[in-house]
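Visitor: One structure coming up, written as structure tokens, with questions to follow.
Rule-based calculations on the coordinates, nothing more; no lab input. Keep in mind that what you see is a predicted model, and the values were worked out from it rather than measured. For neighbour counting, all protein chains shown are included, and Cβ atoms are generated from backbone atoms with ideal geometry for every residue, glycine included.
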There are 2 protein chains.
Amino acid sequence: MPVFPGITQLDLTGPHEVLSRVPGVEIDLVWKTLEPIRAQGTGRPGLILTPTATFESCQRTDMLCVPGGSGCIDILNDDEVLAAIARLGSSARYVTSVCTGSLILGAAGLLTGYRATCHWASLPTLETFGATPVAERVVIDRNRITGAGVTSGLDFSLQVISQLWGSRMAEMAQLSLEYDPAPPFDAGSPRVARPELVDAMRAAMRPLNEKRDAAIERAAAKLRRPR
Amino acid sequence: MPVFPGITQLDLTGPHEVLSRVPGVEIDLVWKTLEPIRAQGTGRPGLILTPTATFESCQRTDMLCVPGGSGCIDILNDDEVLAAIARLGSSARYVTSVCTGSLILGAAGLLTGYRATCHWASLPTLETFGATPVAERVVIDRNRITGAGVTSGLDFSLQVISQLWGSRMAEMAQLSLEYDPAPPFDAGSPRVARPELVDAMRAAMRPLNEKRDAAIERAAAKLRRPR
């Protein structure tokens, strides 16, 4: 799992917790260096996460899983990281993401011609990378498995366990995590949330999303040029 | 939020992500020292979490939120940490926990006479600390708010936001986190999981739970003695 400054930590920590319930699974947090990074956070700076491998030391992986977060904008502009992710993805058996991690996969050229999902507020932008955006919680297209926004990482990783180790292993993980969700409101998706809330959220995200769109345009233009 | 070796990281990172969506919220990870600790993990040692305050430097908090995990057994045996948690809890406006964090609250004397919940596999043991175990996802009794196992931390923290900042703030957080859960199986609680799975999980947890029970007995006996 690549980790980076400004990551949405739950995009990473959710699947990390779920996948760790499978005996023998080993997960590395991979970044340029082993220095601790700060996740996205309001007010007090966000959670400190510590990489366990570098892109240089991690030459291949069975499964690449890319988390998202506002920090993904800097990654979309970072050719060094995109090249490392493209390299890891090209030999991985499974190429996966949670939330806006799919934009990073797209910018690395790993979603061209695939159906994929993303955080609802960024989903349509996947098309810029030649992917087909699908408004579902978890989207599986051949060996690409993508999850929607943040908390979808739980459903995503249970689906991954089910695909790789069978449904009984996934059910055991779900039971150990007491994943029997009871959200107090019906507000978790623009499909069900009150339109006023969706409009307010879109307005609040506009400055960030304008930066995101510019980064996507640059990354997609580079993809179209032969390397 | 106290943090400790062998913590179930999602007990902490779930509420941390959700509560961080409220502007102005500041969350410290508190431990004896500022040295990084390792969360619970199979195979490769678990996620690295880094404390941002010590029990000495953190003299009070508006809300105490104690996560759980297999490492809670060592905390139940650690009078220094239990005293620090009792101190923080005595002046906090809200005393809360996720998963087996409620056992730590109980051992610190903070749940005596309160209704509370816990991970399903540990719920009955709350009674040893004079609490009333309640098999619900989130239990609110006066200023005590407790969540059930691991993933309940999401529902728990949305309920906390709703109580403290109103339902609109909670709905906005839920929408930004795309918390519209779709578990692939109906296995997240002993209420709905196949009995064979529940039996297998109980059997797998037995060695750990015997250590837990011994630690609970010792901690409860100390509580009953005047300090």
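Visitor: Can you tell me the alpha carbon radius of gyration of the stretch B:1-118 divided by the globular rule-of-thumb value 2.2 N^0.38 Å?
Guide: Values: Rg = 13.2 Å, N = 118, 2.2 N^0.38 = 13.5 Å.
Dividing the Cα Rg of the stretch B:1-118 by 2.2 N^0.38 Å gives 0.98.
Visitor: Do the sum for chain B: with -39,500 (n - 2.57) for every DSSP H run of n ≥ 4, divided by all residues, what is the mean residue ellipticity at 222 nm, to the nearest 500 deg cm²/dmol? Working shown, then result.
Guide: Numbers: 7 runs with 90 residues, N = 227.
After summing the helix terms and dividing by residue count, I get -12500 deg cm²/dmol.
Visitor: Within a Cβ distance under 9 Å of A:Y114, other residues only, what is the Lys/Arg minus Asp/Glu net charge? Could the numbers behind the result be given before it?
Guide: Values: positive: A:R115, A:R142, A:R144; negative: A:D141.
Once positives and negatives cancel, what remains is +2.
Visitor: Then there is this: State whether the protein assembly as shown is rounded, prolate or oblate according to the following rule on the C-alpha gyration tensor (a ≥ b ≥ c being the square roots of its eigenvalues): a/c under 1.5 gives rounded; otherwise a/b larger than b/c gives prolate, and the remaining case gives oblate.
Guide: Details: a/c = 1.75, a/b = 1.64, b/c = 1.07.
Note, shape of the protein assembly as shown comes out prolate.
Visitor: Same structure again: By count of other Cβ within 10 Å, fewest leading, how are A:S157, A:S97, A:S20, A:S90 ordered? Please list the in-between numbers first.
Guide: Numbers: A:S157 28, A:S97 32, A:S20 24, A:S90 13.
Listed from fewest to most nearby Cβ atoms, that is A:S90, A:S20, A:S157, A:S97.
Visitor: Assuming a ≥ b ≥ c are the square roots of the Cα gyration tensor eigenvalues, decide whether the stretch B:52-119 counts as rounded (a/c under 1.5), prolate (otherwise, with a/b larger than b/c) or oblate. Could the numbers behind the result be given before it?
Guide: Working: a/c = 1.57, a/b = 1.17, b/c = 1.34.
The shape class here is oblate.
Visitor: Please state the equivalent ellipsoid semi-axes for the stretch A:146-204: what are the square roots of 5 times the Cα gyration tensor eigenvalues, largest first, in whole Å?
Guide: On the way: eigenvalues 177, 34, 11 Å².
Whole-Å semi-axes of the equivalent ellipsoid: 30, 13, 7.
Visitor: Among residues other than B:S189 whose Cβ falls under 13 Å from its Cβ, what is the net charge (Lys/Arg +1, Asp/Glu -1)? Could you put the intermediate results ahead of the total?
Guide: Working: positive: B:R137, B:R191, B:R194; negative: A:E171, A:E178, A:D180, B:E136, B:D155, B:D186.
Taking every Cβ under 13 Å from that of B:S189, the sum is -3.
Visitor: When only alpha-carbon atoms count, how far does the stretch B:1-69 stretch along each of its three principal axes, as whole angstroms with the largest first?
Guide: Extents along the principal axes: 37, 27, 15 Å.
Visitor: Skipping prolines and chain starts, which residues have an amide H placed within reach, meaning under 5 Å, of the one on A:S70, given they are 5 or more residues away or on another chain?
Guide: Residues meeting the criterion, in which the H sits 1.01 Å from N, are A:T8.
Visitor: Let me ask something additional. Run the label-point distances for B:R218 please: 7 Å along Cα to Cβ, every other copy, nanometres, shortest first.
Guide: Once sorted, the set of distances for B:R218 reads 5.7 nm.
Visitor: Summing Lys, Arg as +1 and Asp, Glu as -1, what charge do residues with Cβ under 12 Å from the Cβ of A:R137 carry, A:R137 excluded?
Guide: Working: positive: A:R191; negative: A:E136, A:D155, B:E178, B:D180.
Around A:R137, the surrounding residues sum to -3.
Visitor: List the GluC sites (Glu not before Pro) in the stretch A:1-104 that DSSP assigns to loop (not H, G, I, E or B) and whose Cβ has at most 10 other Cβ atoms within 10 Å. Which are they? Walk me through the numbers on the way to the answer.
Guide: On the way: sites: A:E17, A:E26, A:E56, A:E80; in loops: A:E26, A:E56.
Answer by residue number: A:E56.
Visitor: Could you tell me the largest-minus-smallest coordinate of the C-alpha atoms of the stretch A:172-211 on each of the three principal axes, in descending order and whole angstroms?
Guide: 42, 24, 13
Visitor: Report Rg (one decimal) and Dmax (nearest whole number) for the stretch A:80-227, counting Cα atoms only, units Å.
Guide: Final numbers for Rg and Dmax: 16.5, 50 Å.
Visitor: Among all the aspartates and glutamates, which ones have a C-alpha under 18 Å from A:K211's C-alpha, if same-chain residues fewer than 8 places away are not counted?
Guide: Excluding near neighbours in sequence, the set is A:D74, A:D78, A:D79, A:E127.
Visitor: Take the alpha carbon gyration tensor of the stretch B:93-162, find the square roots of its eigenvalues, order them as a ≥ b ≥ c, and report rounded if a/c is under 1.5; if not, report prolate when a/b exceeds b/c, else oblate. Don't jump to the answer; show the numbers that get you there.
Guide: Values: a/c = 1.83, a/b = 1.26, b/c = 1.45.
Verdict is oblate for the stretch B:93-162.
Visitor: Could you state the number of Å between the C-alpha centres of the stretch A:126-189 and the stretch B:128-162?
Guide: 25
Visitor: Please compute the modelled spin-label separation between B:E56 and A:E210, points set 7 Å along Cα→Cβ, answer in nm with one decimal.
Guide: About 4.9 nm, to one decimal.
Visitor: In debye, nearest 20, what is the charge dipole magnitude of the protein assembly as shown about its Cα centre with +1 on Lys and Arg Cβ and -1 on Asp and Glu Cβ, if you could check? Working shown, then result.
Guide: Details: 46 positive and 48 negative charges, 21 e Å.
In total the dipole reaches around 100 debye.
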